[in-house]
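K.L.:
Take a look at the following structure, please.
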Amino acid sequence: MMAATHLRKAFLLASISIFLTACDPMLSLEGSFWPAWIICILSGLAASMLLMWQLVHYRLAPHLGPPLLIGPSLWALCTFVIWLVFYST
């Protein structure tokens, strides 16, 4: 009885994951399809580098904290904001 319940739960989770794989938005760049999250990560990297350059230019970077913590956090923030701006429905 217990094995049947575990098997049923595993089958349910597997079928849900199969149906949700089609929900990822795809972009066509030069005839090649790219997942949208890759584009968001790359554009988030570019935006965070631009923002970090601005922080250094205006001499605000030393007041923020350790750069090994600020850099990746800024990258994640830019990536998530780009995802929300372009792909939130």
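K.L.:
Looking only at the range 55-74, filter to residues that are aliphatic (A, V, I, L, M) and either at positive phi or not in a helix (DSSP H, G or I) (or both); which one of those is nearest to the chain's Cα centre (by Cα)? Write out each step before concluding.
P.N.:
So the first thing to find is which residues in the range 55-74 are aliphatic (A, V, I, L, M), and the list is 55-56, 60-61, 64, 68-70, 74.
In the following step, the residues that additionally are either at positive phi or not in a helix (DSSP H, G or I) (or both) were identified as 60, 64.
Details: 60: 27, 64: 24 Å.
The selected residue is 64.
K.L.:
Go through (1) within 18 Å of the chain's Cα centre (by Cα); (2) open to solvent by less than 50 Å² (accessible area, probe 1.4 Å); (3) modelled with pLDDT under 85 for residue 79 and report which single condition fails.
P.N.:
Residue 79 satisfies all of (1) within 18 Å of the chain's Cα centre (by Cα); (2) open to solvent by less than 50 Å² (accessible area, probe 1.4 Å); (3) modelled with pLDDT under 85 except (3).
K.L.:
Ok, one more. Going residue by residue through the range 47-70, is there one that turns out to be at pLDDT 80 or above and within 20 Å of residue 87 (Cβ to Cβ)? Give the steps one after another, and end with the answer.
P.N.:
Filtering the range 47-70 for residues at pLDDT 80 or above gives 47-70.
Keeping just the survivors that are within 20 Å of residue 87 (Cβ to Cβ) gives 47-48.
Scanning the range 47-70 turns up at least one residue that is at pLDDT 80 or above and within 20 Å of residue 87 (Cβ to Cβ).
K.L.:
Of all residues in the range 33-55, count the ones that are loosely packed, with under 12 Cβ neighbours inside 10 Å and more than 25 Å from residue 88 (Cβ to Cβ).
P.N.:
2
The values are calculated or read from the model by the stated rules, or taken from the named source; none is laboratory data. Given the structure is predicted, the values throughout are model-derived calculations rather than measurements. Note that each Cβ is placed from the backbone with ideal geometry, even for glycine, and that neighbours are counted across all protein chains shown. The accessibility values were calculated without ligands, DNA or RNA, using every heavy atom of the protein model including side chains. Shrake-Rupley method; radii C 1.70, N 1.55, O 1.52, S 1.80 Å.
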